[in-house]
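Peer 1: One structure follows; several queries about it will come next.
The values are calculated or read from the model by the stated rules, or taken from the named source; none is laboratory data. Predicted model only: the values in this text are computed from it and were never measured. When we count neighbours, we look across all protein chains shown, and the Cβ atoms used for this are built from the backbone with ideal geometry, even at glycine. Surface areas here come from the heavy atoms of the whole protein model, side chains and all, with no ligands, DNA or RNA. Shrake-Rupley method; radii C 1.70, N 1.55, O 1.52, S 1.80 Å.
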Amino acid sequence: MPDGAHEMPDDAAARITEYLEDRHQFLSWLGFTVEEFSADRLVGRIPFDDKLTNPTDPPTVQGGVASTLVDTTGGIALRPYLTDPVNDGIATITLNVNYLRRAAGDLVATAEPIRAGGSVGVSYIEVVSEVPGEGEKPVAAGTGAYRLFNSERPDEEADPE
Ligand SMILES: CC(C)(COP(=O)(O)OP(=O)(O)OC[C@H]1O[C@@H](n2cnc3c(N)ncnc32)[C@H](O)[C@@H]1OP(=O)(O)O)[C@@H](O)C(=O)NCCC(=O)NCCSC(=O)Cc1ccccc1
């Protein structure tokens, strides 16, 4: 866990979760849920749905869905490192995803912040799912770099002249 996590307000994780699950158009449509949220790690899930699959036998989840989950969880995992974890902004700069196995169930990602500075953060993300004939296994792993739009902390504001 990198230095610099801020004490999140008591309701911050719940407010961010509610926004992503219920009011974020794309992620809400995908059925994205937050399963765990701390400064150490963020666990997020996209449930299996036929409309997200390639027409294989058995149907397997289209790779872009795992990339979306890697991107999203890697970014949210850095929110505790923002000055204002609820209201400050994050934008993905670059994303790397390795597809390890075919996925035939829910996708569950665990994202861990690796470094968070004043303007850039990096997360490591691993996704597990049901693999045909193999049970639950890692299906994708990746890293994301994110621009952190930190608001000024009151004690960092310039003194009035
Ligand atoms: C914000 C930023 C990344 C950087 O802008 P600023 O901070 O204003 O920086 P500024 O322009 O001042 O440049 C400073 C220096 O850096 C350079 N440079 C700048 N950019 C790049 C670059 N990309 N690559 C390489 N270099 C770059 C630039 O040339 C300059 O270099 P110089 O000093 O002249 O030598 C901008 O490129 C952007 O908006 N990209 C699109 C982001 C986007 O749409 N992502 C997807 C949506 S997020 C999502 O959906 C996932 C999600 C969902 C839910 C939850 C979590 C996650």
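Peer 1: In this structure, is R45 assigned to a loop (DSSP other than H, G, I, E, B), away from the ligand (no atom under 13 Å from the Cβ) and either at pLDDT 95 or above or among the β-branched types (V, I, T) (or both)? Quick ask: steps written out before the conclusion?
Peer 2: Numbers: assigned to a loop (DSSP other than H, G, I, E, B): no; away from the ligand (no atom under 13 Å from the Cβ): yes; either at pLDDT 95 or above or among the β-branched types (V, I, T) (or both): yes.
Taking the combined requirement at face value, the residue does not satisfy it.
Peer 1: Out of the range 56-100, which residues are polar (S, T, N, Q) and either open to solvent by less than 50 Å² (accessible area, probe 1.4 Å) or under 30 Å from P9 (Cα atoms) (or both)? Walk me through how you get there before you give the answer.
Peer 2: Within the range 56-100, the first condition is being polar (S, T, N, Q), and the residues that meet it are 56, 60, 62, 67-68, 72-73, 83, 87, 92, 94, 96, 98.
Of everything in the range 56-100, those that are polar (S, T, N, Q) and either open to solvent by less than 50 Å² (accessible area, probe 1.4 Å) or under 30 Å from P9 (Cα atoms) (or both) turn out to be T60, S67, T68, T72, T73, T83, N87, T92, T94.
Peer 1: Quick check on the range 58-104: of everything there that is free of Cβ contacts under 8 Å to residues at least 40 places away in the same chain and not in a helix (DSSP H, G or I), which residue is nearest to the ligand (Cβ to nearest atom)?
Peer 2: The extreme case among them is Q62.
Peer 1: Say whether the condition of being touching a strand residue (DSSP E or B) at 6+ places or on another chain (Cβ under 6 Å), open to solvent by 40 Å² or more (accessible area, probe 1.4 Å) and either more than 16 Å from the ligand (Cβ to nearest atom) or hydroxyl-bearing (S, T, Y) (or both) is met by at least one residue in the range 142-157.
Peer 2: yes
Peer 1: While we're looking at this one, here's another question. Report the residue count in the range 2-34 for those that are acidic (D, E) and either surrounded by 13 or more Cβ atoms within 10 Å (Cβ to Cβ) or closer than 21 Å to V122 by Cα (or both). Before the answer, list the steps.
Peer 2: Our first condition is that a residue be acidic (D, E); within the range 2-34, this holds for 3, 7, 10-11, 18, 21-22.
Cutting the leftovers down to either surrounded by 13 or more Cβ atoms within 10 Å (Cβ to Cβ) or closer than 21 Å to V122 by Cα (or both) gives us 3, 7, 18, 21.
Number of matching residues: 4.
Peer 1: Quickly run through the range 105-141 and pick out the residues that are under 21 Å from G31 (Cβ atoms), open to solvent by 20 Å² or more (accessible area, probe 1.4 Å) and within 16 Å of the ligand (Cβ to nearest atom).
Peer 2: Step one: of the range 105-141, the residues under 21 Å from G31 (Cβ atoms) are 105-111, 125-131, 136, 139-140.
With open to solvent by 20 Å² or more (accessible area, probe 1.4 Å) added as a condition, the list becomes 106, 108, 110, 126, 128, 130, 136.
T110 - this is the single residue of the range 105-141 that is under 21 Å from G31 (Cβ atoms), open to solvent by 20 Å² or more (accessible area, probe 1.4 Å) and within 16 Å of the ligand (Cβ to nearest atom).
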